[in-house]
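In what follows, a single structure is set out as structure tokens and then discussed.
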Amino acid sequence: VMESMRIADFGTVITGKTPSSKNPEHFGDDYPFVTPTDIGSGRIVRTRRGISEEGQAKFRRKILPRNSVCFVCIGATIGKICMTTERSLTNQQINSVVVDTERHSPFFVYYLLSTYAEKVKSVAGGAATPIVNKTSFENLEVEAPPLPTQRKIAAILSAYDDLIENNLLRIKI
């Protein structure tokens, strides 16, 4: 049985923030700093920049835990999506869902939202630069099955993703 719900019903939605370049001490190698250009075609993100312990302390309300789902909501790359593999910060172009794991599977939410790129683009406002604000993103209607079904779907899809990721690494080597 599918349940109609909003993206916000999966957990907490957090919009990222970019530390000011006037504070270089906020950047470092302690935590990944995710931007749209870091997000490729797979679930796993590899970042070019990071933030320091000091930056993490300054932006603690914007820090995402492991397995948060990051969704680009501004510009030509609306719909790019990834998951965090560790505590991370994103820039303001990304809305992330910190999934309530008692009620939903983070991996299922990732796969579900990856199918909603076109729907999210359709609610984008802004003449020159399309933008989906946090409220519009949170209120998007989606359909989801109960948690046991979410877990089964996520297990199957993530097994294939893991195989693809391993094969891509082998090809690089």
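The rows are residues; the columns are (1) touching a Phe, Trp or Tyr at 6+ places or on another chain (Cβ under 7 Å); (2) of a type in the set (D, E, K, R); (3) within 18 Å of SER4 (Cα to Cα).
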{"position": "CYS82", "(1), (2), (3)": "no, no, no"}
{"position": "ARG87", "(1), (2), (3)": "yes, yes, no"}
{"position": "SER114", "(1), (2), (3)": "no, no, yes"}
{"position": "LYS119", "(1), (2), (3)": "no, yes, yes"}
{"position": "ALA124", "(1), (2), (3)": "no, no, no"}
{"position": "GLU138", "(1), (2), (3)": "no, yes, yes"}
{"position": "VAL142", "(1), (2), (3)": "yes, no, yes"}
{"position": "ILE156", "(1), (2), (3)": "no, no, no"}
{"position": "ASN167", "(1), (2), (3)": "no, no, no"}
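Within the range 147-173, residues that are without any contact (Cβ under 8 Å) to a residue 24 or more places away in the chain sit with their Cβ atoms under 9 Å from residues that are among the basic types (Lys, Arg), at 6+ positions apart or across chains, in these pairs: ASP162/ARG43.
Screening ALA154 with (1) of a type in the set (A, V, I, L, M, F, W, C); (2) farther than 28 Å from GLY75 by Cα; (3) open to solvent by 60 Å² or more (accessible area, probe 1.4 Å) gives one miss only, at (3). Listed by first and then second residue, the pairs with beta-carbon distance under 9 Å, at least 6 apart or on different chains, first residue in the range 64-77 and on the phi > 0 side of the Ramachandran plot, second open to solvent by less than 10 Å² (accessible area, probe 1.4 Å) and assigned to a loop (DSSP other than H, G, I, E, B), are ASN67/THR84. The number of residues in the range 80-90 that are in a strand (DSSP E or B) and of a type in the set (S, T, N, Q) comes to 2. Keeping to the range 91-139, report how many residues are in a loop (DSSP other than H, G, I, E, B), modelled with pLDDT of 90 or more and exposed (fewer than 15 other Cβ atoms within 10 Å of the Cβ). Selection size over the range 91-139: 7.
The values are calculated or read from the model by the stated rules, or taken from the named source; none is laboratory data. Small disclaimer: the values here were computed from a predicted structure and weren't measured. When we count neighbours, we look across all protein chains shown, and the Cβ atoms used for this are built from the backbone with ideal geometry, even at glycine. In case anyone asks, the SASA skips ligands and DNA or RNA and just uses the protein heavy atoms, side chains included. Shrake-Rupley method; radii C 1.70, N 1.55, O 1.52, S 1.80 Å.
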